[in-house]
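Below is one structure, written out as structure tokens; comments come after it.
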Amino acid sequence: MKSAQLISIGFGNIVQASRVIAVVGPDSAPIKRIISDARERNLLIDATCGRKTRSVLVMDSEHVILSGLQSETIAHRLNAEWNEEESEDL
């Protein structure tokens, strides 16, 4: 059985890589609506530790996670995790 692949989203916070659907910036109106809707449904997780929100992770459980790291940084970590997983399968 494989163990869950975890990635850091900053400030000691970790998520399961396979559950991430999207990593996006927080500034567009549709993303602000997604954040607002998640807050109303109690599905918003603020993992910024009081810092500015720089990326938003949308999870397959409908949770929305706010992170203080740039989207590109998290995407790079996800790609590294997936590349590592693929090389283990060979």
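The values are calculated or read from the model by the stated rules, or taken from the named source; none is laboratory data. The structure displayed is predicted, hence computed values, not measured ones. Note that we place each Cβ from the backbone using ideal geometry, even for glycine, and neighbour counts take in every protein chain shown. Surface accessibility is based on the protein's heavy atoms, side chains included, excluding ligands, DNA and RNA. Shrake-Rupley method; radii C 1.70, N 1.55, O 1.52, S 1.80 Å.
Checking the conditions here, which among I9, I65, I74, I34 is at negative phi, modelled with pLDDT of 95 or more and open to solvent by 40 Å² or more (accessible area, probe 1.4 Å)?
None of the others qualify; the one that does is I34.
Just the residues that are in a strand (DSSP E or B) and not hydroxyl-bearing (S, T, Y), please, taken from the stretch 43-78.
L44, I45, D46, A47, V56, L57, V58, M59, V64, I65, L66
Somewhere in the stretch 42-50, is a residue among the hydroxyl-bearing types (S, T, Y) and buried (at least 17 other Cβ atoms within 10 Å of the Cβ)?
Among the residues of the stretch 42-50, at least one is among the hydroxyl-bearing types (S, T, Y) and buried (at least 17 other Cβ atoms within 10 Å of the Cβ), which makes the answer yes.
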